[in-house]
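This report concerns only the one structure given below.
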Amino acid sequence: MTAAGISIRGVDLSYGPSRILRDVSIEVAPGELFAFLGPSGCGKTTLLRLIAGFAQADRGTVEVGGRDIGRLPPWKRDVGMVFQSYALWPHMSVRRNVAFGLEERRLPRAEVERRVDAALERVGLAALGDRKPSQLSGGQQQRVAVARTIAIEPKVLLLDEPLSNLDAKLRVQVRRELRDLQQRLGITTIFVTHDQEEANTICDRIAVMNEGVVQQVGTPIELYARPANLFVAGFLGSANMLEGGLVEGGRVFQTRGGARVDVPAGTFVPASAKLVFRPQDAALGPVRDDALGLSGVVVHREFLGATVRYGIAMGADEIAVDAPFRSGDALLDVGARASVTLAPGAALFLGP
Amino acid sequence: MRGATPGQVAAAALIAAFLAVFLVLPVGTVMYVAFTEKGTGAFTLVNFADFFRTELFVRSLWNSVYVSAMSVVWASALALPLAIVTTRFAFRGAALVQTLGFLPLIMPPFVGAVAMQLLFGRNGSVNLLLDEWLGFKVPFMEGLNGVIFVQSLHYFPFILINLSASLRNIDRAMEEAAQNLGSSGLRLFRRIVLPLAMPGYLAGASLVFVKVFDDLATPLLLNVKDMLAPQAYLRVTSIGIADPMGYVISVVLVVASVGAMWLSALATRGRDFSTTQRGGGGLARRQLSRGEAVLAWGAVGLILLLVLSPHLGLLLLSFATVWSFAPLPDGYTTAHYARVFGESSTYIANTLVYASLAGAIDVVLGTAIAYLVLRTRLVAREWLDWTAMAALAIPGLVLGIGYLRCFYGVQLPGGQPLATLWIMIVLALAIRRLPYALRACHAAMQQISASLEEAAENLGADKARTLRRVVVPLMTGGILAGFVTSFSTAAVELSATLMLVQSNSDAPLAYGLYVFMQSAAGRGPGAALGVIAVLLVAACTLAAHLVAERDHRRKGGSA
């Protein structure tokens, strides 16, 4: 089976007056494990359902393996979907659940049984075929749902929040298993999640979505280090965001609180940009006299083990700074004054 | 963990005593009499041997089974299209179906039976027209057919309600997963939707079977005597309460009721198919094409016309001067209503009193039992619940026979037997309807978080005051729903009443209806009384619905 790419171009979708998807275009490469990441209501699940045929685009095309599938009904699309609730049919045994898609394809009985065995073997449930779904644990049910979908050898695999119904401990294990399975099958897979950690740990690339718009597409590291806008910066990891504006002919960014940061030559600063930096990219030091850099008062101190997170009040703003902790370090106390130094290249100027 | 207070123990003991005297004792007595030798009290199966040796009884048993099964078949044929069209398609008439589809339940089936005779009987409107235009007649109402026809029209809402609910409860993802794997159309319906809706269907179907099996008045009014319930009634009323056959038949009725419920429970065991999960929200509704819409409206219209025909017939009959051998009445008059209000207003007054009292007893008992079961650690508290629910499996006829047997010998100070006192009718009605009220109260109390009560106790209210000031006000909607269900079904109940009414002055509306309907001359006033009964129950149901809505809104739709 050769993997098929997915290409979504210019998709708009509205339910009545609310626009769920706006001009969405995404290219997923063959064999890629790709995530749709965003807060609830961002349109990621709708986009997934659109690929599966459960939602209709007002405009735009969806192609799988170079073929436009926009007009096909769900049952002719050959895109396997694992539902968030798993949607295992309670009146059928595990085997019958897994056999369902193969029977619908009118495969010979022997072929059906062989492929059911293979699919159950793949997910490590060969021994539980005769159970009813209600007799399985949540993790096992999830694997049945996956087995049922991969048994039909779909062109692409769609996973709708596959880990959300599992407890935290199991999630880490299952996401690795999903990645391994996807690599072994070499199947193009889309993974919908609102959890950045899930997306970061197992996905090749991520599309970050908000309010129906794709904000940025990239590898986890690209998105974290080079967020395209404030939403992406804030959604992936924590970030300090300070309002302000350009002064001195665009060479310096001055925050609302009066702090000034040099803008490196050639940097594009969008309109109504904010100064953005990660807490671990700043360092605290003794207060200097020039008062032109960033400085403020420690108002919170949280000991997190490997790091200490300080809350620094700078005028009306409050920023977070993470300092690595080593035994014996002296910590700053609440009320102390401190200067904040940004690592080279850490300052980003991002618009909404 | 809470211990049981003396008050709770006393309440439990009172309820237990009530259930023991008015449910367990009468039913137990019926069983005892059926299995013992007359006079000596020795255990015997002779009565049952007699039953199975008597050709009439065996035929009656067979007829009852046949009529009940066929009623289920026809009721399913009516309910299935309505349930599917309203739950699976974007159908404009869904609200209409949901309202009109439940109308049959607010009228006792035997009331409709007379109207049905006039519409569908051998010389009824439909057959007269058929004969005139096409030259043949259809024996809709001949013998057992008539009972099946009337019962399936009357009881099909039970299947409609249960089937619609379970269709609605199917998670949309269940269907989408099947489509995703390549299934569609009828095949998807047969392999996924239908099996998932099966528990709801079976619950409704078994209810229809039991109701039809136990119904006494409809076959009697249609002059079908060779069925079990009429046989039991006729034995007791013509031969007397000492004759063992009435008791044997009662036992057979109870066994059939319990058996049907047990079978449906068995068939659905381990299949908790309420599959809706968060983000699920019922099956997708498909748009109807133009042709499909015409077809759907046609089918729904035809079914609703059929379902409403007893009501229409009754209305016509209540205003008719003479209606016989003609498609429509010869003339119209309001004389029947005048007569009913003039001389039969005691029936209406009695009904209001009996049904209100029964409803009140039910909600008090229901609330108390629900409280004891859900909120206390009393030993064996579930037994109260189970015993009260067991009334569901006891046909009204059996309860009536039991009351006669147990309480006829108890003499009141005036020399009158206790069994003939009107209060016994109220108690029988209360016991019969207790399960409905109990479930409503139970559900209402379950939705109240225990922490609300703990907060009241923490602020100094004792258990009784907490119950009165916090729990009961929060349960208002549920209690009211329970009251109205009990009230409106008690208002049209006949099978227990028929055994217990001793004089016309004590008789409720349903009994009066039955008396009127037995003579041709009484049909007009009977129909008028029937219309009044329907309006009464409809008004109560509507009022309850409105109050429940308001209650729901008041609590912010969260309860």
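No lab work stands behind these numbers, since they all come straight from the coordinates. Bear in mind that the values here come from a model prediction, so they are computed numbers and not experimental data. Cβ coordinates were reconstructed from backbone atoms using ideal geometry, including for glycine residues, and neighbour counts include every protein chain displayed.
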Only helices counted: for chain A, with every DSSP H run of 4 or more residues adding -39500 (n - 2.57) and the sum spread over all residues, [θ] at 222 nm is -7000 deg cm²/dmol
Show me the ranking of peptides B:252-262, B:371-381, B:445-455 by mean Cβ neighbours inside 10 Å, starting with the highest. B:252-262, B:371-381, B:445-455
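Take the alpha-carbon positions of the stretch B:1-118, form their convex hull, and give its projected area averaged over all directions (one quarter of the hull surface) in nm². Show your work: numbers first, answer last.
Working: hull surface 65.5 nm².
The Cα convex hull of the stretch B:1-118, projected and averaged over all directions, gives 16.4 nm².
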With the crude spin-label approximation of a point 7 Å out along Cα→Cβ, what separation in nm comes out for B:Ala77 versus A:Gln173? 5.6 nm
Under the definition of partner shielding as Cβ atoms of other protein chains within 10 Å of a residue Cβ, what is the mean value for peptide B:166-178? 4
Cβ neighbours within 10 Å from other chains - mean over B:246-256: 0
Based on alpha-carbon centroids, what's the gap between the stretch A:147-175 and the stretch B:470-495 in Å, whole number please? 48 Å
At q = 0.11 Å⁻¹, what log₁₀ I(q)/I(0) does a Debye calculation on the Cα points of chain B give, no solvent, two decimals? -1.12
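Given contacts defined as C-alpha pairs under 8 Å and at least six residues apart, what's the relative contact order of the stretch A:239-350, whole-number percent?
Details: 233 pairs, mean separation 33.7, N = 112.
RCO, the stretch A:239-350: 30 percent.
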Based on the Cβ-Cβ distance of B:Thr44 and B:Ala543, what FRET efficiency does E = 1/(1 + (r/R0)^6) give at R0 = 56 Å, to the nearest 0.05? 0.60
Given the peptides B:29-42, A:33-46, arrange them by the average over their residues of other C-beta atoms within 10 Å, most packed first. A:33-46, B:29-42
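Give me the tail of P(r) for the stretch A:11-95 as a percent: Cα-Cα pairs with distance above 15 Å.
Details: 2303 of 3570 pairs.
When every Cα pair of the stretch A:11-95 is considered, 65 percent fall beyond 15 Å.
Would you mind getting me the FRET efficiency between A:Ala118 and B:Phe52? Use the beta-carbon distance for r and R0 = 41 Å, nearest 0.05. Each step should come with its number before you reach the end.
Working: r = 58 Å, r/R0 = 1.42.
That gives a FRET efficiency of 0.10.
Report, in cubic angstrom per residue, the convex hull volume of the C-alpha atoms of the stretch A:6-230.
Values: hull volume 28.5 nm³, N = 225.
That works out to 127 Å³ per residue.
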Once every DSSP H run of n ≥ 4 in chain B is given -39500 (n - 2.57) and the sum is divided by its residues, what mean residue ellipticity at 222 nm do you get, rounded to the nearest 500 deg cm²/dmol? -22500 deg cm²/dmol
Sorted from fewest to most neighbouring beta carbons within 10 Å, what does the list B:Glu55, A:Glu103, B:Glu382 look like? B:Glu55, B:Glu382, A:Glu103
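Which entries of A:Lys169/A:Lys274; B:Lys211/B:Lys463; A:Lys44/A:Lys76 show an alpha-carbon separation above 32 angstrom in the structure shown?
Values: A:Lys169/A:Lys274 37 Å; B:Lys211/B:Lys463 40 Å; A:Lys44/A:Lys76 22 Å.
Listed pairs above 32 Å: A:Lys169/A:Lys274; B:Lys211/B:Lys463.
What's the long-distance tail for the stretch B:52-108, i.e. % of Cα pairs beyond 12 Å? Could you put the intermediate results ahead of the total?
Working: 1176 of 1596 pairs.
Value for the stretch B:52-108 (Cα pairs over 12 Å): 74 percent.
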Please work out, to two decimal places, the log10 of the ratio I(q)/I(0) at q = 0.17, 0.24 Å⁻¹ from a Debye calculation in which every Cα of the stretch A:122-213 carries one identical scatterer. -0.78, -1.41
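Per residue of A:91-102, how many C-beta atoms from partner chains lie within 10 Å of its own C-beta, taken as a mean?
Details: counts 11, 3, 0, 0, 0, 1, 2, 1, 1, 7, 6, 2.
Taking all residues of A:91-102 together, the mean is 3.
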Mean Cβ-within-10 Å packing, highest first, puts peptides B:94-105, B:540-551, B:129-140 in the order B:94-105, B:540-551, B:129-140
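What percent do you get for the relative contact order of chain B when only Cα pairs under 8 Å and 6+ apart count? It would help to have the intermediate numbers written out before the result.
Working: 836 pairs, mean separation 114.6, N = 559.
For chain B, the relative contact order is 21 percent.
Report the gain in length on full extension from B:Ala90 to B:Ala521: 0.36 nm times residue separation, minus Cα-Cα distance, nm rounded to one decimal.
On the way: separation 431, 0.36 × 431 = 155.16 nm, distance 4.79 nm.
Residue separation times 0.36 nm, minus the Cα-Cα distance, leaves 150.4 nm.
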Rounded to the nearest 0.05, what FRET efficiency do B:Glu132 and B:Gln98 have when you use their Cβ-Cβ distance and R0 = 35 Å? 0.45
Can you give the percent of C-alpha pairs in the protein assembly as shown whose distance is more than 44 Å? 50 percent
Inter-part distance where the stretch B:385-408 and the stretch A:21-55 are each reduced to a Cα centre, Å: 62 Å
Where both residues lie in the protein assembly as shown, what percent of DSSP beta bridges are antiparallel, nearest 5? 75 percent
Between B:Arg465 and A:Ala330, the two model label points (7 Å from Cα along the beta-carbon direction) sit apart by a distance in nm of 6.1 nm
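Counting only Cα atoms, I'd like the Rg/Rh figure for the stretch A:239-350, Kirkwood definition for Rh. Provide the component values of the computation, followed by the final result.
Details: Rg = 14.2 Å, Rh = 14.5 Å.
Across the stretch A:239-350, the Cα-based Rg/Rh ratio is 0.98.
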Quick one: check the C-alpha center-to-center distance for the stretch B:58-118 versus the stretch A:105-141, whole angstrom. 42 Å
Quick check for you: which residues of the stretch B:182-201 have the amide N under 19 Å from the point 7 Å beyond the Cα of B:Ser289 toward its beta carbon? B:184-189
Whole-number D in µm² s⁻¹ for the stretch B:435-559, Kirkwood Cα-pair radius fed into Stokes-Einstein, 25 °C, 0.890 mPa s: 142 µm²/s
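Can you give me the relative contact order of the stretch A:6-230 as a percent, contacts being Cα pairs under 8 Å and 6 or more apart? Don't skip to the end; give the middle numbers.
Values: 419 pairs, mean separation 67.7, N = 225.
After rounding, I find 30 percent.
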Inter-site label distance for A:Ala225 and A:Asp58 at 7 Å from Cα along Cβ, in nm: 4.0 nm
